[in-house]
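These notes concern the structure reproduced below.
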Amino acid sequence: MKIAVMPGDFVGKEVVAEGIKVLDAAARKFGFKYDRTDYPFGAEYYLQTKITLPDSALKELAAHDAILFGAVGADPRGNKLIPQGLIETDILLKMRFELDQYINLRPTRLLPGVPTPLARKDPFDMVIVRENTEGLYCQNGGFLYKGTAHEVANQIEVTTRHGVERTIRYAFEYAKQFGRKKVTLVAKTNVLRYAHNLWMRVFEELANEYPGIETSYDHVDACTMYMVTQPQRYDVMVTTNMFGDILTDLGAAIQGGMGMAASGNLNPTRQAASMFEPVHGSAPDIAGKGYANPIATFLSVAMMLDFLNQPQAARAIDQACRKVVSDPKNHTRDLGGTASTQQVTQAVLAELE
């Protein structure tokens, strides 16, 4: 296996370093080997070189089996040194688009012992499948009369049948593979009557190919309410790029916060590398203090290993994380505890080994 490692900035570097320890422990225990290549790209690298992600590096990244990514963005030095959104667009979005990582997969579950803002603490376990390379994130648009009183800004959504169909099919195939019973489409068909009509029609057509899987539809605004009041309503959800971005952050909040949220940016064809990352961002305000919750990184490592056909190792990491977070003494500050990043790592390693 060839794994590229890109820690990024601030706590990204801290949690990825801990994630490598867990990955190495799993490799020892389950007898697999991997080749690792480190990449320095992020805000700090840009400030030193004025380079974000060169095409030559992108080509190298594509040749790997997977990318373990930390976090970039939110640099406290401000937009005077780094233009707003430059790092995220030129690194994260560039990798997603150029490597055709068209599925963003976000497990959203409440583990035992993890605090949640929900009034009811009943467990839930949903998976959100987000289209990852189309929609409003294609940078398709522009300005007219910029900087004047008559300025016009256009941001045009791109929705193709090819992109919609492969995303919805992935959701059904995921449900079929992992014994999930229901797939829910989340969109806004009553207002976005063209693009989301396409989503609905494709969803209904593909549902006929999976007669054993229940289907349903929710408007995105209703979905936000149901995720808070009835999260058990959902099993597998499939949605657009922008709605998926919003709903997965809501999902992170109800599952204990960003420190618990893992993700995979997948190229299911495996013709280029898929990328696995915690979604908590670079958090410069706590960098260097040992506060960062590494669980999201460990769960991302587990997702990566599962994708790389190491299901036993993935399951072992997942179970170790579940056991560790069930004990409040292993909760970091984001979960209301006092445990350090390194303490949580040692607890997971002890469970794993």
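Quick check on my filter: what residues within region 1-44 are in a loop (DSSP other than H, G, I, E, B) and either outside the structural domain of Ile317 (by TED's automatic domain parsing) or of a type in the set (A, V, I, L, M) (or both)? Step through it out loud before you land on a result.
We begin by selecting, within region 1-44, every residue in a loop (DSSP other than H, G, I, E, B); these are 1, 9-10, 31-34, 39-42.
Within region 1-44, Met1 is the sole residue that qualifies.
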Does Ile91 fit the bill of being surrounded by 11 or more Cβ atoms within 10 Å (Cβ to Cβ), part of a helix (DSSP H, G or I) and touching a residue at least 40 places away in the same chain (Cβ under 8 Å)? yes
Out of everything in region 106-137 that is among the basic types (Lys, Arg) and more than 13 Å from Asp245 (Cα to Cα), what residue ends up being modelled with the highest pLDDT? Arg109
Determine whether region 217-225 contains at least one residue that is at pLDDT below 95 and out of contact with any strand residue (DSSP E or B) (no Cβ under 9 Å at 6 or more places or on another chain). no
Scope region 45-58; condition surrounded by fewer than 17 Cβ atoms within 10 Å (Cβ to Cβ) and assigned to a loop (DSSP other than H, G, I, E, B); matching residues: Lys50, Ile51, Pro54
Please find, among Asp9, Asp38, the residue that is under 27 Å from Cys138 (Cβ atoms) and of a type in the set (D, E, K, R). Asp9
Failed condition for Pro268, given (1) surrounded by 19 or more Cβ atoms within 10 Å (Cβ to Cβ); (2) within 20 Å of the chain's Cα centre (by Cα): (1)
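Taking the residues in region 100-152 that are of a type in the set (Lys, Arg) and within 17 Å of Thr248 (Cβ to Cβ) as candidates, determine which candidate is surrounded by the fewest Cβ atoms within 10 Å (Cβ to Cβ). Let's see the steps before the verdict.
Residues of region 100-152 that are of a type in the set (Lys, Arg), as a first pass: 106, 109, 120-121, 130, 146.
Cutting the leftovers down to within 17 Å of Thr248 (Cβ to Cβ) gives us 106, 109, 130.
On the way: Arg106: 24, Arg109: 18, Arg130: 27.
By that ranking, first place goes to Arg109.
Which strands (runs of 3 or more DSSP E) does region 146-237 wholly contain that include 3 or more residues that are closer than 18 Å to Asn104 by Cα and in the same structural domain as Val127 (by TED's automatic domain parsing)?
On the way: elements: 152-155, 182-187, 214-219.
Because the criterion is at least 3 residues that are closer than 18 Å to Asn104 by Cα and in the same structural domain as Val127 (by TED's automatic domain parsing), the strands (runs of 3 or more DSSP E) in region 146-237 that meet it are 182-187.
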When every residue in region 22-43 that is surrounded by 18 or more Cβ atoms within 10 Å (Cβ to Cβ), on the phi < 0 side of the Ramachandran plot and not aromatic (Phe, Trp, Tyr) is compared, the one modelled with the lowest pLDDT is Ala43
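Which of the residues that make up region 302-313 are surrounded by fewer than 18 Cβ atoms within 10 Å (Cβ to Cβ) and in a loop (DSSP other than H, G, I, E, B)? First the steps, then the outcome.
Step one: list which residues in region 302-313 are surrounded by fewer than 18 Cβ atoms within 10 Å (Cβ to Cβ), which gives 309, 311-312.
Across region 302-313, the qualifying residue is only Asn309.
Quick grid of which residues meet (1) over 17 Å from Thr108 (Cβ atoms); (2) touching a strand residue (DSSP E or B) at 6+ places or on another chain (Cβ under 8 Å); (3) surrounded by fewer than 24 Cβ atoms within 10 Å (Cβ to Cβ); (4) among the basic types (Lys, Arg):
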site: Tyr291; (1), (2), (3), (4): yes, no, yes, no
site: Ile295; (1), (2), (3), (4): no, no, no, no
site: Ser300; (1), (2), (3), (4): no, yes, no, no
site: Arg315; (1), (2), (3), (4): yes, no, yes, yes
site: Cys321; (1), (2), (3), (4): no, no, no, no
site: Thr338; (1), (2), (3), (4): yes, no, yes, no
site: Gln343; (1), (2), (3), (4): yes, no, yes, no
What single numbered condition from (1) more than 12 Å from the chain's Cα centre (by Cα); (2) under 25 Å from Ile91 (Cα atoms) fails to hold for Gln342? (2)
Just need a number here: residues in region 330-346 that are small (Gly, Ala, Ser) and touching a residue at least 40 places away in the same chain (Cβ under 8 Å). 2
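Tell me which residues, restricted to region 207-226, are closer than 24 Å to Ile246 by Cα and either in contact (Cβ under 8 Å) with a residue 60 or more places away in the chain or β-branched (Val, Ile, Thr) (or both). Show your work before the answer.
At the first step, the residues of region 207-226 found to be closer than 24 Å to Ile246 by Cα are 215-226.
The answer is Thr215, Val220, Thr224.
The values are calculated or read from the model by the stated rules, or taken from the named source; none is laboratory data. The model shown is predicted, which means the values in this text are computed figures rather than measured ones. Here the Cβ is made from the backbone with ideal geometry for all residues, glycine too, and neighbour counts use every protein chain on show.
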